[in-house]
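Each remark here refers to the structure printed beneath this line.
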Amino acid sequence: NAGGPAILASDALEKYGLKLAELNKKTIEKLKSFLPAEAATGNPIDMIASADHDIYYQALEAVQEDEGVDSILLIIVKPPVNTTPAKIAETLGSLIPNCGKTIIPVLMAQKDETAGMEIFQQLQLPVFSYPESAVKALSTMWEYHQIQRRFRKSEAVAINPGMKESVLTNTDPNNKQAPVADLLKLLEQYDITNAPYLVSDEVDKIIQFQKELKSKIVLKIANEQIIHKTDLGLVKLGLDSDTAVRESFENMSEKAESVLASGVKPVFLAQKQLAIGIELVLGGKKDSVFGPVLMVGFGGIFIEVLKDVSFRIAPVNAFEAKEMIGELRSQPLLNGFRGNPAVDRDSFAYTIQQFSLLLAEHPEIVEMDLNPLIWQAERGSAAVVDVRATLA
C-alpha cells in the first residue's frame, strides 16, 4: 500500500539475485477490476494508501493464483484509511493457510497497538520490519532450497546403526585394534575396493597366492598388536618369486616373534603390489559431540607434508562427498599430473559415501584410517592398501 517500500524491495531483489515475477494478463485484469485507476498493477503492485483489508484480500487472492509467482512479499505501511494491520491480518487468515506459496509480511509499524503481531504469529508468518531484510531472508531460503534439491538428486544415504551384523571382533581386552582380516571383510561389505589380498600364517599359501597373481606382492605382518610395521621392518615390497617370499616370511616371522606376546603366532597380509598412482586417504573418528567425523585427503607421505584434507560429519551423500573432493587444495593432482591418471570424482565420491556409511553404522569404531588408497585408473576406483581401526 505504498510505492516507496515496493521500490526498496525491488532493488533488494536484484541485489540478492532474485527476480520479480511477470504477472500474467489474467492476474493484471483481475487487479484492475478492483484497484483504483492510479494504482500500479504491474509488479511491484502498488495498491496505494487507500487499500483497506478487503483490497489486501482480493489482491493476495489474485496474485497467489498466478503460476508465474513463487513467493509473495506482503508489505503493510500503517494505512490512513478505516483499517489496521491487525484487521488486514485477520481478514487474510482464511486465505493464507491454504496458499501453497511462501508469504513474507513486512510490517513497518510493529510497535503500534493496532499492528496485530499476535495474529501474524498465530498464522505462523515471520514478520520483518523492512523490505530489505525480508528479501535477504527469502534469498537465503532459496539458496537453502537449491542445496536441498542437489541433495535429493544424489544417492540416498541409509543409516541403520546396529542393524548390520558386525564382522569386527576384539578378543584381547588389552588391545583395541581390530584384526586386519575383519576390516578387509567389512570394507567388502560396503563395496570399498581392496587390493587383491590373502591373510595367512602359512608360507606355502602365500607363495601360491603370488604365483596365481603372476605379479609382485607386498608382505606385511597382520597381527593387530603391531601397529608401526614399517618402523620395525615388518613390510616387504616387490616379492616376485618363491625364494623372495620364503626368505621375507622367515625373516619377518623372527622379528615379529620378538615383539609379540609369548604363544602368539605371526599372521601375514599378502597383497598385490599396485602400480604407483595418486595416494588418497579416508579417515574417521568418533567425536563426543558430533559422533562419527569423516576426513578425506591426500594420503601416504602427503598427509603429513601437505595436510590437505576436508572434514564432514558422517554419513554424507554423493553431492557432499564431491564437495569434499572439491575443497582439497591440490586439485592438479586429482586432474592428472605428470603422467598420473586423473581421479574419477564420481567413483571416489561413491567410495567416500560408502566409508561414511560404514562409520555411521558401526558405533563400535572409535577411529579408522584407510591410508593409502591408490587410484587405479584401469579399474576406475581407489584400492585400499592399508587399513586400521580402533574399537571401543
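What is the gain in length, in nm to one decimal, between Asp287 and Leu306 on full extension, counting 0.36 nm per residue of separation less the C-alpha to C-alpha distance?
4.5 nm
Calculate, in nm to one decimal, what Ala392 and Glu14 gain on full extension: separation in residues at 0.36 nm each, minus their alpha carbon distance.
Extending this stretch completely gives an extra 130.7 nm.
Using the structure shown, select from Lys25/Lys111; Lys255/Lys286; Lys136/Lys322; Lys214/Lys286; Lys285/Lys322; Lys255/Lys322 the pairs with a Cα to Cα distance greater than 32 angstrom.
Flagged as over cut-off: Lys25/Lys111; Lys255/Lys286; Lys214/Lys286; Lys255/Lys322.
Each label point is 7 Å from the Cα along the Cα-to-Cβ direction; what then is the distance between the points at Leu95 and Glu202, in nm?
8.4
Which residues in the range 211-227 have a backbone N closer than 20 Å to a point placed 7 Å from the Cα of Ser262 along the Cα-to-Cβ line?
Inside the label zone: 225-226.
Keeping every protein chain present and rolling a 1.4 Å probe, give me the accessible area per residue for the chain in Å².
I get 52 Å² per residue for the chain.
Compute the angle between helix 53-64 and the longest alpha-carbon principal axis of the chain, please, reported from 0 to 90 degrees and rounded to the nearest 10.
Approximately 40 degrees, to the nearest ten.
Heavy atoms only, probe 1.4 Å: what % of the accessible area of the chain goes to carbon and sulfur, would you let me know?
Looking at the chain in its full context, I get 51 percent from C and S.
Go through 322-328, 266-272, 15-21 and give me the packing order, highest mean Cβ count within 10 Å leading.
Sorting 322-328, 266-272, 15-21 by mean packing, highest first, produces 266-272, 322-328, 15-21.
If Lys307, Lys185 are ordered by their accessible area, calculated over protein heavy atoms with a 1.4 Å probe, which sequence runs from highest to lowest?
Descending order: Lys307, Lys185.
So if we plug the beta-carbon distance of Thr243 and Arg379 into 1/(1 + (r/R0)^6) with R0 = 22 Å, what FRET efficiency do we get, rounded to 0.05?
Computed FRET efficiency for Thr243 and Arg379 comes out at 0.15.
So if each residue of separation counts as 0.36 nm, and I subtract the Cα-Cα distance between Ala275 and Glu254, what length gain in nm does that give?
4.6 nm
Using the Cα gyration tensor of the range 1-104, with a ≥ b ≥ c the square roots of its eigenvalues, what is the shape: rounded (a/c below 1.5), prolate (a/b larger than b/c) or oblate (neither)?
Rounded, since a/c falls under 1.5.
Can you pull the accessible area of His145 for me, 1.4 Å probe, Å² to the nearest 10?
Solvent-accessible area, nearest 10 Å²: 70 Å².
Shape call for the range 232-372 from the C-alpha gyration tensor, a ≥ b ≥ c root eigenvalues: rounded (a/c under 1.5), prolate (a/b greater than b/c) or oblate?
Oblate.
Largest first, please: the extent of the C-alpha atoms of the range 227-307 along each principal axis, to the nearest Å.
Per principal axis, max minus min of the Cα coordinates gives 48, 35, 20 Å.
So if I average 1/r over every pair of distinct C-alpha atoms in the chain and take the inverse, what Kirkwood radius in Å does that give?
26.1
The values are calculated or read from the model by the stated rules, or taken from the named source; none is laboratory data. Quick caveat, the model's predicted, so the values are computed rather than measured. All Cβ positions, even for glycine, are placed from backbone atoms using ideal geometry, and neighbour counts span all protein chains on display. Protein only, heavy atoms only, side chains kept; ligands, DNA and RNA dropped before computing areas. Shrake-Rupley method; radii C 1.70, N 1.55, O 1.52, S 1.80 Å.
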